[in-house]
Amino acid sequence: MTRLKTLFDEESKANDEQLGPSSCINVESVERLNEKAFPNGDLYVGDFKETLPHGKGKYTWSDGTVYDGDWDAGKMAGKGLLIWPSGAKYNGDISGGYLHGFGAFTASDGSIYEGHWRMNIRHGYGKKKYSNSDIYEGEWKEGEHEGKGIYFWNNGNKYTGNWKRGKMHGRGVMEWINGDHYNGCWFNGFRHGNGIYQYADGGYYFGTWTRGLKDGKGLFYPAGSKRPTLKKCCTSLGYDDDHKTALPQCSSLHLEEHIVKKPSIKRSLSEKISVSGVLKGSGRMSSKTAESSGLSDSGREFVHHNSSGTFSFDSDAGQSELQENTAVIYEREYMQGVMIKERIRDYNELSKKAEKKTKFHAKETQKSSCVGIFKGHNSYHLMLNLQLGIRYTVGKITPVPKREVRAADFGDRARITMFFPKKGSQFTPPHKSIDFYWKDYCPMVFRHLRELFKLDAAEYMMSICGDDGLTEISSPGKSGSLFYLSHDDKFVIKTLKKSELKVLLKMLPKYHNHVKEHENTLITKFFGLHRITLPGRRKVRFVVMGNMFCTELRIHRRYDLKGSTHGRITDKDKIHENTTLKDLDLSYEFHMDKSLREFLFDQIADDCAFLKSQQIIDYSLLLGLHFRAPEPLDGLVEPPNISPNMQSSPAGQDGEVLFPSKGFVLLAHEPSSVNTDPGPHIRGRALRAFSLGNQEVDIMVPGTGRLRVQLGVNMPARANHKLPQDESNSAEVELFEVYDVILYMGIIDILQEYNAKKKTEHAYKSVKFGPTTISVVEPELYANRFTNFLKQKVFPGQP
C-alpha cells in the first residue's frame, strides 16, 4: 500500500512528514452501506463511486490521522480538513492527494501559515506566524521566502523588501525599534551594495556595504544638517542615478522616498573623526575615534538564527551623533567596517562639486558617439539583438563535431550571417526588438578559444542570453564605446570601431596560438566577435571578453597603467567610487612573494613580446585592488614599512617578507578545498610561493573563504602608502599606511596598431611634450617602458 507524503514538520524535520496511508484505497475490505473498514485498521465513511471514495467522506488512518473532505476517484481532491496525531492540521484546497491551492496549516509548535501551496510546499503569496511570534507576509517559492515580503520580528524590528532563498536579497528597507533605518541593497541576508542608513537622531550615512560592513566611500551627514537630494549624494560619490554603476543586481534602487524626515535636533554627541581625533604626538587614536570609526563590530548586522529558522538583526545604534556645526559633511572611506580615510567638507563645497560632476557627465555623454546613437529604447533593442544573435550562433556551432582549427577558419569567408525579422522566420524566433542582420566572425575559432578557456557552451549562453539580461555600464575610457555586463558579472561586451575589428581579425591567428601556448597569459580573453546591422545600415560591432574583476571580493580601487606620464592623472573633482585611475594617481607600491613576482614578470615579458610582434601600442595593465581591513597602527608618524602585521611576520631569505599576515593566510594548495571551476578570467594552474617552500598555494580570506591563487587572480601582496608631506595637515586624514591587498590584473586595450596615423601623432606630441612622456611611441619602446614602469614603480622587489 502506497504512502502519501507531504512537507509539514516545519524546521526540525526538514519539512517532510507522512500524512498516513494512501488516499488511493485498497478494495480488499469489508463494506457496509457508506462505510468501509480496511484490514490494517483504517476506516472510511462517506460517498462512493463504485468501490472508490468519491464525493464527501471522512478517512481515519490507524495512526490517528484524519481527513474529512472531498474525494475524487479514491484520491483527496477539492476542499478538506486534515488532522495529524501531533496536533498539526490543514484546512484548505487539495488536489490529487497534495496540498495544492489555498489553505491554512497549523503546526504542532503553534506556528500558523495561511496562503498558497503547490504540491505540499508553500508557494505563492502567504502569511506565516512563527511560534516565537515573528511574522512573515509575502511571496514564497518552494517553501522559502522569495520575492517581495515583510518580516516582523518579535522585538519590533521590521524588514520590507525583496527576498531570495529565504534571505533578504535585492532592495529593501530595515527598520529597527530604536528608530534607525537602512534603505538599500541586500545580498544573502546582509547589507551589500549602496544604500542609506538613517540614525534615530536624524543623521544619516550614504555609502556602500559589503556583507554587512561599510566598505568603500560614503558621506556622513550629522543630525540637524541640511538633507541633500538622493541625486546629489549619488553624484558626489560617482554613482549613476539608477545606481547601476554601484551595484548591478540592485539597479532599481529608489531610496529618496524612504528617507524618513526627522525634526531638527540642536545638540547631541558627535560621530565625526576629526584631524584632532588622531593624537599625532602620541601616535595613537583616541577611544572616541576607535569607537566611531567602525573598529568595533557596531558597523555590522549581527545575525542570529532563532527558533523560526530565520534571522534577526541588530542595528548600527549609537553610531550617529549630532554636530554643532551643521554645515560640515564627512567624506569617508571604509574597508570591511574599518574607517581608513576621512575628509571634512563644507556642505556648499560638496554641492558645487556634485553640480560640476553632473555637468561634466552630461558633456561627456554628448561627446560619446555610440552612446549618442543608441540611447534609451535603442540601447535596449541593441542588447536584445545581441542576445538573440549569440543564442543563435552558439546553438548553431556547438553541435558541429570538434576538430582542429584550420587556416580557412580565420579567412574572410569564415562568417555566419542571418536576418532576424521581428515576426520571426524559418530559422529565427519572433522577438520584441527591431529587424536586424547578424554577423558572427570566425565562429569555429572562437568556439575553440572558449574550449581552451574551459567555458561550457550552455553556461556561456545562459550568462549572456538568460532572462536576467545584460546591464549597461558607463564607459571608463575616451572611446565612447558601449559596455554591457552579464548578469553574473562573468562577461563584458564592448562595442568596437571598424579599425579595431580589423586589427583583431588580423591578429587572431597569432592570438590563438599565443593563448594556446601560454595558459597564464594576462592578455584579455576574447570569446566572440559579432556585428549587428540595424535599419538605415547602421553597423555596431561587438567583442565578448572576460571580466577581470569577476570576484566575490569587493574591488576598492581600479588603475589603468601604461607607464607614460602625459595626461596620466585624473582630476580629483572627477574621481568617484568606480573611477578607473591612471599612472600618476597611483600612491601605492606593492610588495609580493618573490616567486609570485617572478612568475608575473615572466608572463608580462611573453605577452609584451607578442604585442610588439603585432605592432600594438597603447595597451595597459588593468589593476584591481581589494584591501583587507587594517589593524589599528600606532600612528601616522611611523615609517611606511612598519605595521603590526609586518612586525609579526617572519622574515625569509634576502629580506623576503613571508606570509601569512592578519589580512589573509597563504596555505598549501588543496584542489578539493577551493573552487577549481573555470571562469572568464581564470588562468592556468595554481602558482607557487617562495614563502611556502615553492609549493602551489591558496589564500584564506577571513569572512570569504579559501581562494585559488593564479596569475592575475587572487594574488596576495602588501601595499605601502606614504602620506605626502603637504597633506599632513589637510582636512583629509589617511589613517593607515600599510595594507594587505589582493590583486586582480590583466593586459587590456590591445587593438591599437602603430599605424601611419599614430606615427604622425607621435611626431607631433614628441615635439610638444617630449618623446618619453607621451603614450604614443613605437612598439619596442612602448613595451620596454611599460615593463620597466611596472617593475620599478608598481611591483618593486624587496629592498
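The values are calculated or read from the model by the stated rules, or taken from the named source; none is laboratory data. All of these numbers come straight from a predicted model, not from anything done at the bench. Backbone-built Cβ (ideal geometry, glycine too); neighbour counts: all protein chains shown. The area values use the complete protein model at the heavy-atom level, side chains included, leaving out ligands, DNA and RNA. Shrake-Rupley method; radii C 1.70, N 1.55, O 1.52, S 1.80 Å.
Summary of computed values
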item: Residue match in the range 576-593 (condition: of a type in the set (Lys, Arg) and closer than 14 Å to Ile742 by Cβ); result: no
item: Among residues of the range 103-134, those that are free of Cβ contacts under 8 Å to residues at least 40 places away in the same chain, among the hydrophobic types (A, V, I, L, M, F, W, C) and either in a loop (DSSP other than H, G, I, E, B) or surrounded by 17 or more Cβ atoms within 10 Å (Cβ to Cβ) (or both), counted; result: 2
item: Strands (runs of 3 or more DSSP E) contained entirely in the range 1-87, each with at least 2 residues that are among the acidic types (Asp, Glu) and modelled with pLDDT of 50 or more; result: 66-72
item: Flag if Arg415 is basic (Lys, Arg), assigned by the TED database to the domain that holds Tyr484 and open to solvent by less than 30 Å² (accessible area, probe 1.4 Å); result: no
item: Test: residue in the range 184-194 that is out of contact with any Lys or Arg (no Cβ under 8 Å at 6 or more places or on another chain), part of a loop (DSSP other than H, G, I, E, B), open to solvent by less than 20 Å² (accessible area, probe 1.4 Å) and not aliphatic (A, V, I, L, M); result: no
item: Output for the range 389-406, where each listed residue is surrounded by fewer than 17 Cβ atoms within 10 Å (Cβ to Cβ) and assigned to a loop (DSSP other than H, G, I, E, B); result: Thr398, Pro399, Val400, Pro401, Lys402, Arg403, Glu404, Arg406
item: Conditions (1) closer than 29 Å to Val776 by Cβ; (2) within 28 Å of the chain's Cα centre (by Cα); (3) among the basic types (Lys, Arg): number failed by Arg554; result: (1)
item: Checklist (1) at pLDDT below 90; (2) open to solvent by 50 Å² or more (accessible area, probe 1.4 Å); (3) not acidic (Asp, Glu) applied to Thr579, failing item; result: (2)
